[in-house]
Amino acid sequence: MFFRRDGFLNLKHEKGKMMNVRKMVLLVTFVLGGAAGNGNAAVGVPGHRDITFATHAADCGVCHQQQYNEWRFAAGSDSPNAGFGSAHAITNTDPNYVSILPRVNPVIQTYCRGCHEGKDAWGVQDRLANIPAISDINKSEGTSCITCHFDGEKIVGKGQSIVSPFAPEFCGTCHNESTGMTNLYEEWKTDYIGGGGDKTCLDCHMAGGNHVMLGFNSPSFVKKAIVISQPALPDTVSANTPFDISYTLTNSGAGHSVPEDLFRLMRARLSIVDSNGQEVFSQETVYYKKKALLRENPADTVIIKAHETKNVTVPGVVIAAPGTYTVKLELLQNSNRVFVDRNTIAFMGATYSTIVVQ
């Protein structure tokens with residue numbers, strides 16, 4: 001989902017909450033592996049209170065302040081949502097999600113809600129076939145610290161479990177085919193790792209432990225996915241004489257396909273403008289995933305897989321008058337091709353060339 005600057009928790013209120021928690025607790029020490037005697041609580045914060053699925057992220061933020069600020073406010077990022085929440089913090093309060101959910105059928109709603117409103121990622125046994133159960137606990141906190149780091153008995157960090165919150169398999173709990181929306185884990189494993197890649201999900205999306213979880217919501221991050229070549233142009237072009245323009249798009253920056261989910265649509269837009277800035281030619285090549293879920297034919301899917309290069313040729317370009325023109329190749333990605341009223345557009349890069357028409 002994609003994010004706007006409205007409809008989220010009050011920033012001033014949240015900061016005040018943090019200050020109150022700091023006054024309450026001077027030191028938090030997590031005791032790993034100690035059960036409290038019931039299935040929902042663990043001895044995790046001596047001198048304070050037991051960790052449960054109802055524990056607020058702000059409590060974790062007493063000691064893990066930087067991680068909390070990154071998660072809660074997207075602090076330090078170039079996301080247009082900075083100050084209001086990271087992608088995970090607003091999974092359930094994002095206005096796009098709130099608007100779209102009632103407009104899909106109940107079966108699809110179950111898939112949406114399991115990840116957007118789930119709290120117990122550790123309760124999923126088969127991570128590549130199932131998704132978390134829907135939960136009403138602390139719904140306004142979205143996918144919180146507890147979702148990923150509390151297994152029902154203890155706080156789990158890196159290296160403390162066979163499948164840790166840092167493992168791609170753990171990300172696959174929601175970012176997999178069982179959601180009907182995306183198949184990122186399998187694409188990462190088959191295309192990216194199978195093609196010689198060596199990075200995990202977190203190496204890219206949480207580099208250095210950053211809890212903003214950068215992706216489509218970051219203008220600087222999204223530009224890293226695809227390398228756009230300079231268009232190949234003929235040495236000479238004559239007015240009213242057709243010619244071809246070719247270029248390549250290489251997915252060298254993403255560990256999965258682009259576009260990555262069912263709603264996205266990427267557009268490679270080629271245009272030619274004259275010296276007055278008037279457009280005299282334009283053409284778009286589109287990339288998207290098609291699914292039976294939306295009564296579409298999956299065979300119509302056109303994507304750029306990890307490590308893949310697409311060779312594109314635009315034939316029969318005609319410019320009517322002599323002069324100097326600019327050839328623009330822009331890569332844009334629509335966030336929502338299905339519910340267009342909730343669509344936003346990410347600029348993924350561009351190249352510019354000059355052509356003289358005789």
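For the reader, a short list of remarks on this structure follows.
- Members of region 295-330 found to be of a type in the set (Asp, Glu) and at pLDDT 95 or above, listed by number: Glu308, Glu330
- Of the set (1) of a type outside the set (S, T, N, Q); (2) closer than 26 Å to Val222 by Cβ; (3) in contact (Cβ under 8 Å) with a residue 24 or more places away in the chain, all apply to Glu284 but (3).
- Residue match in region 232-254 (condition: touching a Lys or Arg at 6+ places or on another chain (Cβ under 6 Å) and under 30 Å from Glu70 (Cα atoms)): yes
- Of the strands (runs of 3 or more DSSP E) lying entirely inside region 249-336, those carrying at least 3 residues that are out of contact with any Ser or Thr (no Cβ under 8 Å at 6 or more places or on another chain) are 279-288, 309-317, 323-334.
- Filter result for Val286 (aliphatic (A, V, I, L, M), under 30 Å from Tyr111 (Cα atoms) and loosely packed, with under 15 Cβ neighbours inside 10 Å): yes
- Residue count for region 76-102 satisfying the condition of being crowded, with 17+ Cβ neighbours inside 10 Å and either aliphatic (A, V, I, L, M) or more than 18 Å from Asn343 (Cβ to Cβ) (or both): 13.
- When region 339-350 is filtered for residues that are surrounded by fewer than 15 Cβ atoms within 10 Å (Cβ to Cβ) and either at pLDDT below 95 or not small (Gly, Ala, Ser) (or both), the ones remaining, listed by number, are Phe339, Val340, Asp341, Ile345, Phe347.
- Residue that is nearest to Lys223 (Cα to Cα) [pool: residues in region 245-281 that are surrounded by 15 or more Cβ atoms within 10 Å (Cβ to Cβ) and free of Cβ contacts under 8 Å to residues at least 40 places away in the same chain]: Gly253
- Of the numbered criteria (1) at pLDDT below 85; (2) closer than 25 Å to Phe263 by Cα, the one Ile162 fails is (2).
- Of residues in region 222-244 being touching a residue at least 24 places away in the same chain (Cβ under 8 Å), surrounded by fewer than 22 Cβ atoms within 10 Å (Cβ to Cβ) and not in a loop (DSSP other than H, G, I, E, B), the one farthest from the chain's Cα centre (by Cα): Val237
- Qualifying positions in region 337-358 - in a strand (DSSP E or B) and touching a residue at least 60 places away in the same chain (Cβ under 8 Å): Ala346, Phe347, Met348, Gly349, Ala350, Thr351, Ser353, Ile355, Val356, Val357
The values are calculated or read from the model by the stated rules, or taken from the named source; none is laboratory data. Worth saying up front: this structure is predicted, and the values here are computed from it rather than measured. Methodologically, a virtual Cβ is constructed for each residue, glycine included, from the backbone with ideal geometry; neighbour enumeration extends over all protein chains shown.
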